[in-house]
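All remarks here apply to the structure that follows.
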Amino acid sequence: MIVVILGGGFAGLSALKTHDAVLVDNKDYFILAHKLVDVVRTGDPSIAKIPYHKVFKAAVKSIDFRRKIVITSEGEIPYDKLIISLGYSQKFIEGTEKFENIDDALRIREKLLKAKTVVIIGGGNLGVELSSLAREMGKEVYLIEGQKRLLNFMSWESSAYAEKKLKEMGVNLLLNTKVEKIEDSTVYTEDQKIKGDLIVSSIGFKGPSLLKELGLSTINDRMVVDDYLSSVDQEDVYGAGDCSTTKKFVPMSAQVAVQAGRNAMLNALGFERKFSYRQYAIIVRVGEEYFGDLLGKFVKGKVAELAENLGIYRARKLLSIQ
């Protein structure tokens, strides 16, 4: 039986670790997304880049579900079972720099070095950490978040702590604030306008547009799967990681993606395991301090840093199998 995995992120590698398969990715390296801010900090892409050892490097062009063939830039690949784990993409906001991959991080660094005023839209992990870094570099920083708190997917304690630390650093926080338009390097909100030398978007994460183009049912461009991670549209096709969700919603998270990749592969092999997930840790860095949620509890300092380093170790261990 031929199992093909599309996408070598956390979900794809976890599926590959569970059982041997053909792994297809358009890059020859793995991106540690949570280290992208460190690429901006240092200019060293190797911090977030780990080479693949076993991958068919090609871009996925289409899938013929009837014939069970993946059509790529390097030829056709037949499959008996297909796991789609193509990760996420970012909605493009005109007038901003997107923050999605290593090239984006290097481009942001180049512009950040020259900027005096930086506007960051989106108060998630990347937005919070990039705001901290820009302030450390002596920039005037505005962080705009549409919700009432930062890190709204984390505990209230983590949100409050992030707000406290950023304010102490001198970051201008605009919470519960919607961006109305961006024009001539100026961000317009309901009651003010902010001129920025650099405007970065760290919001709008969704699935890759290819999935909708393939005719698959999607929510926020993420393919819809059932509770067993099977496509609701096609037989012998499974979805795992950030590119897929059930109708009940599955969060975009490396830890959840790892669990989904394993579950999808087991079900592709004939098991019938209902998917459930658990978030173990979400850690953020502001300045030199780590903090976040560990097993549902707020932690900071050495415990948080240890949890972060453990996550990186597990990611590298996952890569060691391919």
Could you work out the local net charge near Glu76, counting Lys and Arg as +1, Asp and Glu as -1, over the other residues with Cβ closer than 13 Å to its Cβ?
-> +1
May I ask you to rank Arg222, Arg314, Arg107 by accessible area, largest first, using a 1.4 Å probe over the protein chains only?
-> Arg314, Arg107, Arg222
Taking the chain and counting helices only, DSSP H stretches of n ≥ 4 at -39,500 (n - 2.57) each over all residues, the nearest-500 ellipticity at 222 nm comes to -9000 deg cm²/dmol
Tell me which residues come under 5 Å, amide H to amide H, from Tyr238 once H is placed; ignore anything under 5 positions away on its chain.
-> Leu82, Ile83, Ile84, Ser231
Accessible area (Å², 1.4 Å probe, nearest 10) - Val179 | 50
Would you mind telling me the share, in percent, of accessible area of segment 1-47 contributed by carbon and sulfur at probe 1.4 angstrom?
-> 53
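Under a Cβ-Cβ cut-off of 9 Å, what is the net charge of the residues other than Met169 that fall near it, where Lys and Arg count +1 and Asp and Glu count -1? Walk me through the numbers on the way to the answer.
Details: positive: Arg135, Lys165, Lys167; negative: Glu136, Glu168.
Around Met169, the charge tally is +1.
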Lys98, Lys302, reordered so the largest accessible area comes first (probe 1.4 Å) | Lys302, Lys98
Would you mind pulling out the separation of the Cα centroids of segment 201-277 and segment 70-128, in Å?
-> 19
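Over segment 193-322, average the accessible area per residue using a 1.4 Å probe and give it in Å², no decimals. Could the numbers behind the result be given before it?
Working: 6480 Å² over 130 residues.
Heavy-atom accessible area per residue stands at 50 Å².
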With a 1.4 Å probe and all protein chains in place, put Arg41, Arg273 in order of accessible area, largest first.
-> Arg273, Arg41
How many percent of the accessible area of segment 211-322 is carbon or sulfur, using a 1.4 Å probe?
-> 51
Using a cut-off of 12 Å between beta-carbons, work out the net charge of the residues near Cys243 (Lys and Arg +1, Asp and Glu -1, Cys243 not included).
-> +1
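Keeping all protein chains in place, calculate the accessible area per residue for segment 35-89 (probe 1.4 angstrom), answer in Å².
Values: 2580 Å² over 55 residues.
That works out to 47 Å² per residue.
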To the nearest 10 degrees, the tilt of helix 102-114 (Cα long axis) against the first principal axis of the alpha carbons of the chain is 10
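For the chain, calculate the relative contact order in percent as a whole number, restricting contacts to Cα pairs under 8 Å that are 6 or more residues apart. If you can, show how the numbers build up before the last one.
Details: 702 pairs, mean separation 61.8, N = 322.
Normalised by residue count, the contact order of the chain is 19 percent.
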Compute the length gained on full extension between Arg107 and Lys167: take 0.36 nm times their separation in residues and subtract their Cα-Cα distance, giving the result in nm to one decimal.
-> 18.9 nm
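The values are calculated or read from the model by the stated rules, or taken from the named source; none is laboratory data. Everything numeric in this text was worked out from a predicted model, so none of it was measured. Cβ coordinates were reconstructed from backbone atoms using ideal geometry, including for glycine residues, and neighbour counts include every protein chain displayed. Surface accessibility is based on the protein's heavy atoms, side chains included, excluding ligands, DNA and RNA. Shrake-Rupley method; radii C 1.70, N 1.55, O 1.52, S 1.80 Å.
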